[in-house]
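Chemist: I have a structure here, written as structure tokens, and I will follow up with some questions on it.
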Amino acid sequence: DLDVQAAGDSAAEPAAVAIVVLGGGTVSYRTASGTISELSDSTSLRLLEAVRLYSLLNGPWVIVSGGSPSGDEGAPPETEPMVQELLAAGIPAERIRTDPISGSTREQVVNLAALLRELRAEPFLLVTSPIHMRRALASFRAEQLAPEPAPSAQHALGDPVLSGGVLPHPAALNASQAALRETLALGYYWLRGWLRSA
């Protein structure tokens, strides 16, 4: 794996010139009065990892990707609250780039490949959830890109999935559903040829 160089280490070039963060969705609350969208748990955890990595590197690009929720016309793209969180964490606006239109991992890979090449932003770190990393890495590699994995935490500290207990918790069912969904998505992407180089 690529070593992450400290920002103050002038003896070596930074290990990565970009951090790519794949959005993991938003949660929208809608009434007749309007809509409020919040970042999902997985997107929030990915952003926390991106902020940590940014502090270790010498001013890399931070590229965030995520469009509007499917079927939710008029909702802002996921990248809008992502950028707000990055700015609040002290990352300069001029180091942030966005892909506000992608609605799937496949679309993210295609759109980000073009942006990464335009910025000449390689090598780059790929931030996503551990459960999603295998498919994301294979998808980028099929586009002739070589990201270095930088997985976020899968669950926040104190998450019921991590706390154990005698009785099953609904959060554990959600984790199982996510694992099943990712397994099915891997198979689908393989059949479509999106995990293999042309």
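Chemist: Here are some conditions: (1) without any contact (Cβ under 8 Å) to a residue 24 or more places away in the chain; (2) within 12 Å of the chain's Cα centre (by Cα). Q84 meets all but one. Which one does it not meet?
Modeler: For Q84, the failing item is (2).
Chemist: Is there a residue in the range 88-99 that is at pLDDT 90 or above, of a type in the set (D, E) and under 30 Å from T31 (Cβ atoms)?
Modeler: Yes: one or more hits.
Chemist: Still on this model: I'd like the residue in the range 103-125 that is charged (D, E, K, R) and within 14 Å of the chain's Cα centre (by Cα) and, out of all such residues, is surrounded by the most Cβ atoms within 10 Å (Cβ to Cβ).
Modeler: Selected residue: R106.
Chemist: OK, next. Being open to solvent by 60 Å² or more (accessible area, probe 1.4 Å) and either at pLDDT 85 or above or closer than 24 Å to V110 by Cβ (or both), is that true of even one residue in the range 15-27?
Modeler: no
Chemist: When both residues are 6+ apart or on different chains and their Cβ atoms are under 8 Å apart, which pairs have a first residue that lies in the range 28-53 and is under 14 Å from A153 (Cβ atoms) and among the aliphatic types (A, V, I, L, M), and a second that is at pLDDT below 85 and open to solvent by 40 Å² or more (accessible area, probe 1.4 Å)?
Modeler: L45/Q154; L45/H155; L45/A156; L53/V4
Chemist: To continue, here is another question. If the requirement is being touching an Asp or Glu at 6+ places or on another chain (Cβ under 9 Å), in a strand (DSSP E or B), of a type in the set (G, A, S) and open to solvent by 20 Å² or more (accessible area, probe 1.4 Å), which of these qualifies: S37, S44?
Modeler: Result of the check over S37, S44: S37.
The values are calculated or read from the model by the stated rules, or taken from the named source; none is laboratory data. Remember, predicted model here, so these are calculated numbers, not experimental data. Heads up, the Cβs are rebuilt from the backbone with ideal geometry, glycines too, and the neighbour counts pull from every protein chain shown. Note: accessible area is taken over every heavy atom of the protein model, side chains too, but ligands, DNA and RNA are not part of it. Shrake-Rupley method; radii C 1.70, N 1.55, O 1.52, S 1.80 Å.
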